[in-house]
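> Just passing along the structure, written as structure tokens.
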Amino acid sequence: MVRLTDDPLDPAAVEARVRAADRGAVLTFVGLVRDHTGPHRVERLEYEAYRPMAVKVFEGIRGEVDARWPGTRIAIHHRLGRLVVGEVAVVIAVSAPHRAETFDACRYAIERMKADVPIFKKEIRGDGSVWVGLGS
């Protein structure tokens, strides 16, 4: 349910991991590489991670979601390596018997991921490059 990969992500495949007949709601968040950050034009991103720790933190987030929203199922997949504008960087899919839990759990997971998972991105900009780390 947690995956770090250098391969392209397929949101439908991640969503399929959380679907089940007893679930009335599935919410999928897809994070894409955008072409700008503030006034800076972004040409591409390069993601790196300390993989063992990143997977451990992702698993911790999954456990927190399970504890806070019993009955949910969550999958978190993040891409590493070089990504160009428009490519999928992260997919979080959450299912539950009812919709409210999916919205709350998905937002919680993405915010925790951005704050605590040791994944680092380098923005390759038209006016230079910059590393963006935890908490961005």
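The values are calculated or read from the model by the stated rules, or taken from the named source; none is laboratory data. Here the structure is a predicted model, which is why all the values come from computation and not from measurement. Glycine gets a Cβ as well: all are built from the backbone with ideal geometry, and neighbour counts include every protein chain shown.
> Are any residues in segment 24-52 closer than 17 Å to residue 90 by Cβ and part of a helix (DSSP H, G or I), and if so, which ones?
51
> While we're here: Among the residues of segment 53-71, how many are part of a helix (DSSP H, G or I), farther than 30 Å from residue 125 by Cβ and not aliphatic (A, V, I, L, M)?
Residues in segment 53-71 being part of a helix (DSSP H, G or I), farther than 30 Å from residue 125 by Cβ and not aliphatic (A, V, I, L, M): 8 in total.
> So which pairs qualify, if the first residue must be in segment 8-36 and under 24 Å from residue 81 (Cα atoms), the second must be surrounded by 12 or more Cβ atoms within 10 Å (Cβ to Cβ) and hydroxyl-bearing (Ser, Thr, Tyr), the Cβ gap must be under 8 Å, and the two must be at least 6 apart or on different chains?
From residues that are under 24 Å from residue 81 (Cα atoms), the pairs are 11/28; 14/28; 15/28.
> Take the conditions in contact with an Asp or Glu (Cβ under 8 Å, 6 or more places away or on another chain), charged (D, E, K, R) and under 29 Å from residue 127 (Cα atoms) and apply them to residue 34. Does it pass?
Taking the combined requirement at face value, the residue does not satisfy it.
> With respect to residue 74, determine if the residue is surrounded by 20 or more Cβ atoms within 10 Å (Cβ to Cβ) and either assigned to a strand (DSSP E or B) or among the charged types (D, E, K, R) (or both).
Here the answer is yes, as residue 74 does meet what is asked.
> If you don't mind, another one. State which residue pairs qualify: first residue over 30 Å from residue 43 (Cα atoms) and inside segment 66-84, second residue modelled with pLDDT under 95 and buried (at least 22 other Cβ atoms within 10 Å of the Cβ) in any location, beta carbons under 8 Å apart, and separation of 6 or more residues or different chains.
Matching pairs, first to second residue: none at all.
> I would also like to ask the following. Given the residues 65, 117, 90, which is the only one that is of a type outside the set (Ser, Thr, Tyr), closer than 14 Å to residue 14 by Cβ and surrounded by 16 or more Cβ atoms within 10 Å (Cβ to Cβ)?
The unique qualifying residue is 90.
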